[in-house]
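Before any comments, here is the structure.
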Amino acid sequence: MALTSTTITSWKLQEIVAHSSNVSSLVLGKSSGRLLATGGEDCRVNIWAVSKPNCIMSLTGHTSPVESIQFNSSEERVVAGSQSGSLRLWDLEAAKILRTLMGHKASICSLDFHPMGEYLASGSVDSSIKLWDVRRKGCVFRYKGHTQAVCCLAFSPDGKWLASASDDSTVKLWDLIAGKMITEFTSHTSAVNVVQFHPNEYLLASGSADRTVKLWDLEKFNMIGSSEGETGVVRSILFNPDGSCLYSGSENTLRVFGWEPDRCFDVLHVGWGKVSDLAISNNQMIAVSYSQNNVSWYVVDLNQVKKSGSVIQGLIEDKPIPAPTSAMGATLRRNYERPTTSYTRQESPSSEDEKEDRESSAEITNPEDYKEIFQPHSHARNAKAGVMGDDEALAQIRKGHDTMCVMLTSRYKNLDTVRFVWASGDVKTSLDSAVSMNDLSIVVDILNIINLKPSLWKLDLCTSILPQIEELLQSKYESYVQTGCMSLKLILKRFWPLISDTLTAPPSVGVDITREERLKCKACYKQLKNLSNVVKNRAEQVGRHGSTFKELQLLMALLDY
């Protein structure tokens, strides 16, 4: 009899005894997907690596159960919040305590690091949110608005916003610069356990005890998607790294969702119980759950999971699926402008800090694993590299480049959308779609094509692109400046005679058939006048583009006549 092979999609990787008493919190490192921090009622924070049976480090100092933990983006720092309301921040690479932060009056139940690494946010059972400057060891702002415990916090990829989820069934969005709430989402009917920003687009996802996952448009501030059919409380959500789909973890079940329109691509029974956190590494999903003092790891092979294509579960109440609103099946919306990372290592604690943290320690319980993970330039790590497998070597090469990969994936997606519109032969609509994406790199790519074939330039294009050219001319990227100069030069040479003649022509007698064109010319003239000041300032500077700006200044002198 022939044997039938069965593809295994998910499996339990390992189970460990994580603490001497009950586990009270845990978190996976999202960059690598291979580090785990656990907090226990024994007041300790223990650090683990996937597939390693023994604890790497044990962090002490808290005097009450550890209720919340979070890694920073580089996974070199970990912060833990306790039941008493205190925060402790450790440097894992240096194996020492960095900061102790006091201020909350009740248990801390949510934490997140700012993308720039210099700030962190904490949410408490007392319903307050605090923003901390870890360099100055102090709270710099307090956000009030929730009426119950703050279950989850998440900074936006550009670091400008903070999203908070609460037991009061709401999701709130806070502007860090203005120091106030931007909006509140109130469609959930029970406690909201988790929120996460889309890696690129202005979208926010939330998961709730009401057994739904909802998606929120952060330009129009409205709900654009809601999943149904969860078998239990939604405890974890995670966007695919390229932003193409959303994973939802509830009791023993993983679901894969798409939006615009709402659809479920796949449902898997995993058997992980009450899953607590999700991460992705090498196209595998790593999931963790805990019960009493045990922690279990699970793996899902994402190569075997449907993330697009045919829908296995239609819209709510079997409503028909509407036609996609764009080539990619989703509304075009803004992308985050990611800040340039300027992470600065925290200075050593002052004498006052040392006195306060004298009871805190970072005990290395497994020196070999510690050196391998937190001191990658050590001899032990270099020796290991010689026998590293291909997959592991590629993973190490990719580590730290996730953000760039996500940005390039988003750029490819946006270009594909513009290409689809371009194929219809409508250059104006293609350019407008590129502008609407709020991504200058896409605008530059389109302009470079149009500049190669000047006959594609029409007066309609000028009104759309001149404000973008103003940004390009002031960009720090030379290629952007060069493209902006070339585009402006072509516009002046091709359209200034038409603009000038139209604006100086005597008024029409009878029906004004040139009114629309005259309005376009007026708009272009106004935009060109604004640009002339930018060109004048740049022409006075020395540098590679100085002569180009001087040439543009001569061409734009005609605007004054």
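The values are calculated or read from the model by the stated rules, or taken from the named source; none is laboratory data. What you see is a predicted model, and the numbers here were worked out from it, not measured in a lab. Glycine also receives a Cβ, built like all others from the backbone with ideal geometry; neighbour counts cover every protein chain displayed. Side chains are part of the model used for accessible areas, which takes the heavy atoms of the whole protein and leaves out ligands, DNA and RNA. Shrake-Rupley method; radii C 1.70, N 1.55, O 1.52, S 1.80 Å.
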Inset, instruction - May I ask you to derive the FRET efficiency for LYS12 and ALA423 from their Cβ-Cβ distance with R0 = 45 Å, giving the value to the nearest 0.05? - result: 0.40
Inset, instruction - Take every Cα pair under 8 Å in segment 415-561 that's 6+ residues apart, average their separations, divide by the length, and report that relative contact order as a whole percent. - result: 19 percent
Inset, instruction - Write down the accessible area per residue of segment 24-180 in Å², having rolled a 1.4 Å probe over the full set of protein chains. - result: 30 Å²
Inset, instruction - Could you please report the charge total around SER500, scoring K, R as +1 and D, E as -1 over all other residues with beta-carbon less than 15 angstrom from its beta-carbon? - result: +4
Inset, instruction - Give, to the nearest whole percent, the P(r) tail of segment 167-318 beyond 25 angstrom, counting all Cα pairs. - result: 27 percent
Legend entry - Probe 1.4 Å, protein heavy atoms only - accessible area per residue of segment 405-456 in square angstrom: 48 Å²
Inset, instruction - With the Cα gyration tensor of segment 1-102 in hand, convert its eigenvalues to equivalent ellipsoid semi-axes via √(5λ) and list them largest first in whole Å. - result: 32, 15, 11
Inset, instruction - Estimate the FRET efficiency between CYS139 and ASN537 by the formula 1/(1 + (r/R0)^6), using the beta-carbon distance for r and 35 Å for R0, to the nearest 0.05. - result: 0.25
Legend entry - Point-to-point label distance, ASP301-GLU551, nm (Cα→Cβ direction, 7 Å offset): 5.9 nm
Inset, instruction - Give LYS493/LYS520; LYS220/LYS458; LYS12/LYS96; LYS493/LYS550; LYS160/LYS529; LYS160/LYS458 a once-over and call out the pairs whose C-alpha atoms are over 26 Å from each other. - result: LYS220/LYS458; LYS12/LYS96; LYS160/LYS529; LYS160/LYS458
Legend entry - Counted charge near TYR525, where neighbours are those whose Cβ lies closer than 14 Å (Asp, Glu -1; Lys, Arg +1): +2
Legend entry - Extension gain from SER464 to ILE182, taking 0.36 nm per residue of separation minus the Cα-Cα distance: 98.6 nm
Inset, instruction - Whole Å is fine, so just give me how far the alpha carbon centre of segment 405-470 lies from that of segment 73-145. - result: 43 Å
Inset, instruction - Give the carbon-plus-sulfur fraction of the accessible surface of segment 29-171 in %, rounded to a whole number; probe 1.4 Å, heavy atoms of protein chains only. - result: 46 percent
Inset, instruction - First measure r as the distance between the Cβ atoms of GLU93 and THR504, then evaluate 1/(1 + (r/R0)^6) with R0 = 56 Å and state the FRET efficiency to the nearest 0.05. - result: 0.20
Legend entry - Label-point separation in nm, ARG515 to LYS476, each point 7 Å along Cα→Cβ: 4.8 nm
Inset, instruction - For segment 416-489, just say rounded, prolate or oblate: build the C-alpha gyration tensor, square-root its eigenvalues into a ≥ b ≥ c, call rounded for a/c under 1.5, and beyond that prolate if a/b exceeds b/c, oblate if not. - result: prolate
